[in-house]
Amino acid sequence: INFTSEGSQTGPFGDNSQAASTAPTAPPSRAASSSPPSSSSSSSAFCPVLPSRQIVERQPRMLNFHVEYRTRSVEVVLEDASTVGDIKQILETELQVPVSKMQLKGWKSGDVSDSTVLRSLHLPKNNSLYVLTPDIAPSATTSQSSVQQESLNQNYLLIISHREAQREYSLNFPATRTIQEVKRNISDLTNIPVRHQQWDGWPASASDDSMTLASSGISFPCHHLSVCRRSSPATALEPTEECTDVHMVSDSEGDDFEDASEFGVDESEIFGMGSSSCRKSPMMPENSENEGDALLHFTAEFSSRYGDCHPVFFIGSLEAASQEAFYGKARDRKLLAIYLHNDDSVLSNVFCSQMMCAESIVSYLSQNFITWAWDVTKEANKARLLTMCTRHFGSVVAQTIRTYKTDQFPLLLIVMGKRTSNEVLNVIQGNTTVDELMMRLMGAMEIFTAQQQEDIRDEDEREAREMVKREQDEAYRLSLEADRKKREAQEREEAEQVRQERIRKEQEEEREAIRLSLEQALPPEPNEEEGEPVSKLRIRTPSGEFLERRFLGSCKLQVLFDFVASKGYPSDEFKLLTTFPRRNITQLDPAWTLLEAKLFPQETLFLEAKE
C-alpha cells in the first residue's frame, strides 16, 4: 500500500495525468494486491531516488521562441508545460492574426497540434518558428501614382534633323520638358526663331506647346523630328502643300516683316521689289547668350562661305579653350590660336579663303594648336571679347586689340600658357602670305617646344617624387592593413571559439534536457515477485561499463531505447546489439515487446557507436 501511494504521487512522470497517459495502469494495481513484505522491499529499493526526482519536477523549464511573420518578429517565453495553442494565443494578441487562420511552422517534430504539450517535443531552450497565413493576402505595394511618377523620371532622345543645314542633332530631354522649351533650344542651335520654325514629326496629340514630352504622345525612348525655316510671306501666297502639323503655323504674319532684317533680307525684297540678291549672314549673331552656340554658328557660316577645309574651331568659351590648351599634362599641352574675324575689313575674304583654308595651315594648326574664333564685326561682340581677354590674359592684350584698326583685321593671336600667367607670343595681321604665316607659326612652336621640354622635365621630377611618396604611403597603408587583418582574424578566431563553446553548451543542455525527460518518462523497474514475466538485461557500454535493469516482458522496445538514451547513448548515435547471434536491436520495430524481440528472460547486449 505504501509503495502504491508513493508511485502515484512521486512517479517519474511528475503528475498523475502524465503517468496515466504514458505507462499502463495495471502494474500499480497489481502492486497494491501484493504482500506486505514485497511492498516493504520495493519501497526500500526506490527510496534513494525519490528526492532527486521530486526536486526536478518542482523546477519548470523555460523555453524561448523567436517567431517571424512577414516583416515582424515576436519573442515568446513559456514553460515547457504549456501547449502549442498557448503560443498561438500570444501571437494572436501581438500580430492581430486569428488563431484559425494561423499556421505555426518550424517544429522539428512532424505532427504538432494545438493541444501538444511542449515538454513532449523535447525542445531545446532557444527555438525559431515562423507563421504562415495563406488566407490573408499581403497589402499592395505599388499604386498608380508611383507608376506615373516613374514615367516622369524617364528621358527622351529626340533626333532632330535641320533640313536646310543638312545637320542632325541628338538631344536628351527629361519627360517633364515642354514642347515650347524644346523649340527654344532648337532656336538656339539653328538660329531659327520659334515663330519661324516649321516642324515635321510631332504626333497629332501634341496640340499644345505647353504639353510635356511625357504627355505629348511621342515615341519612347527615341523619336525623330525635322525642322526648317518657314517660307516668307511672299512665297506663302503661292500654292503650296498644306501643313498638317499644328506646330508649323506661325502666330503672326507681321512678325515676318519685323524680323526680316535679322536674317539679312531687305523689306523691299520681301514684296518682290528691289534687288534679288540678299546680304550675307553675319559670322556670329549679336548678343548671343551662350558662347558655345555662337561658335557653332560661326563654324557653320565659315563653312558655307569658304568650304569645309578650314581649321577645327574649338566649340566653347575662351576659358574652356584655355583649359584645354594649357592645363593638361605637359606632354599634352598646345598653343592657343585666337582667330578674330571682321567682315568690314577688305582683307577678311582673302585671308580666310587663301590662308586659313590652305591645307598646310589647316594641318599645322590642327596638330599643334587649339584654335578658337570670334567675330568682332559687331561692337557688342567686340566689347564682349575685350572683357574675356582682360579676364584671362590681362588688360595689355585687350589694349593691344583695341589699337588695331578695322582694315588690319583679321588677326591671329598666338598665346602660350605659363605657370603664373598666359603670354601672347605673336599677333599675325591679315595682310600676310601663306609662307609668312607658316614661318610665324613655326617660330611660335619653337619657343613653345623649348618651354614644353622644361615643363616636362619638371613634371617628371615632380611625378617621381610623388611616386616615391605614394609608394611609401602605400607600404604604410599595406602594413596597417596587414595589422588590421591580423587583428580581425584573431578576433574572428576568438569569436568562433566563443561561438563553438556556446553551441557546445547548448547542445549539452539540450542533451541533458532530453535525457532527464526520457529518464522521467521511464516506467518503474518491476520486481520479480510481481508475477509478470520480467526480463533482466545487461548492457555493456563502449567504455566497458555495464548497465543493468529489469523490464517487464510486455514492455516495448522503445522503453529499452529510452532507458539507454537516458544514460547518454541516444539511438541516433549508438546501435544496440546482441552478442550471439549478432542482431541489431535498434533496427527492430520499437513497438515490439521484449518477448517478441526474444530478449527474455535475460540477455546481454552491448552498445556500439554508429559510423
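With the checklist (1) surrounded by 13 or more Cβ atoms within 10 Å (Cβ to Cβ); (2) of a type in the set (Gly, Ala, Ser); (3) assigned to a helix (DSSP H, G or I) in hand, flag the one item SER479 doesn't pass.
SER479 satisfies every listed condition except (1).
What are the pairs with Cβ atoms under 8 angstrom where one residue, in region 320-331, is without any contact (Cβ under 8 Å) to a residue 24 or more places away in the chain and the other, located anywhere, is surrounded by 14 or more Cβ atoms within 10 Å (Cβ to Cβ)? Sequence gap at least six, or different chains.
Pairs that qualify, where the first residue is without any contact (Cβ under 8 Å) to a residue 24 or more places away in the chain and the partner is surrounded by 14 or more Cβ atoms within 10 Å (Cβ to Cβ), are ALA320/PHE314.
Looking at region 328-434, what strands (runs of 3 or more DSSP E) fall wholly within it and have at least 2 residues that are surrounded by fewer than 19 Cβ atoms within 10 Å (Cβ to Cβ)?
The qualifying strands (runs of 3 or more DSSP E) are 422-428.
As an exercise: evaluate THR593 against (1) over 60 Å from the mean Cα position of the chain (by Cα); (2) open to solvent by 30 Å² or more (accessible area, probe 1.4 Å); (3) hydroxyl-bearing (Ser, Thr, Tyr) and give the number of the one condition it does not meet.
Condition not satisfied by THR593: (2).
Take the residues of region 128-179 that are under 30 Å from ASN64 (Cα atoms) and in contact with a helix residue (DSSP H, G or I) (Cβ under 9 Å, 6 or more places away or on another chain): which is modelled with the lowest pLDDT?
Out of the qualifying residues, it is ASP135.
Considering only region 297-306, I want to know if a residue exists there that is among the β-branched types (Val, Ile, Thr) and either open to solvent by 50 Å² or more (accessible area, probe 1.4 Å) or at pLDDT below 85 (or both).
no
Taking region 77-99, which residues are farther than 15 Å from ASN64 by Cα, open to solvent by less than 20 Å² (accessible area, probe 1.4 Å) and aliphatic (A, V, I, L, M)?
Hits for region 77-99 are LEU95, VAL97.
I'm trying to understand the selection: among the residues of region 180-207, which are in a loop (DSSP other than H, G, I, E, B), at pLDDT 85 or above and not small (Gly, Ala, Ser)?
Correct list: ILE192, PRO193, TRP202, PRO203.
Being out of contact with any strand residue (DSSP E or B) (no Cβ under 6 Å at 6 or more places or on another chain), closer than 24 Å to PRO533 by Cα and either part of a strand (DSSP E or B) or open to solvent by 60 Å² or more (accessible area, probe 1.4 Å) (or both) is the filter here; which residues of region 596-611 pass it?
Once the filter is applied, which keeps residues that are out of contact with any strand residue (DSSP E or B) (no Cβ under 6 Å at 6 or more places or on another chain), closer than 24 Å to PRO533 by Cα and either part of a strand (DSSP E or B) or open to solvent by 60 Å² or more (accessible area, probe 1.4 Å) (or both), region 596-611 yields GLU596, LYS598.
Condition test on LEU441, is it at pLDDT 90 or above, part of a helix (DSSP H, G or I) and surrounded by 12 or more Cβ atoms within 10 Å (Cβ to Cβ)?
Yes.
Residues that are surrounded by 13 or more Cβ atoms within 10 Å (Cβ to Cβ) and more than 60 Å from the chain's Cα centre (by Cα): which strands (runs of 3 or more DSSP E) entirely in region 509-589 hold 3 or more of them?
Passing ranges, in order: 534-540, 546-552.
For region 123-135, name all the residues that are open to solvent by less than 70 Å² (accessible area, probe 1.4 Å) and assigned to a loop (DSSP other than H, G, I, E, B).
LEU123, PRO124, THR133
The values are calculated or read from the model by the stated rules, or taken from the named source; none is laboratory data. Just so you know, these numbers come straight off a predicted model, no measurement behind them. Cβ atoms come from the backbone with ideal geometry, glycine included; neighbour counts cover every protein chain shown. Protein only, heavy atoms only, side chains kept; ligands, DNA and RNA dropped before computing areas. Shrake-Rupley method; radii C 1.70, N 1.55, O 1.52, S 1.80 Å.
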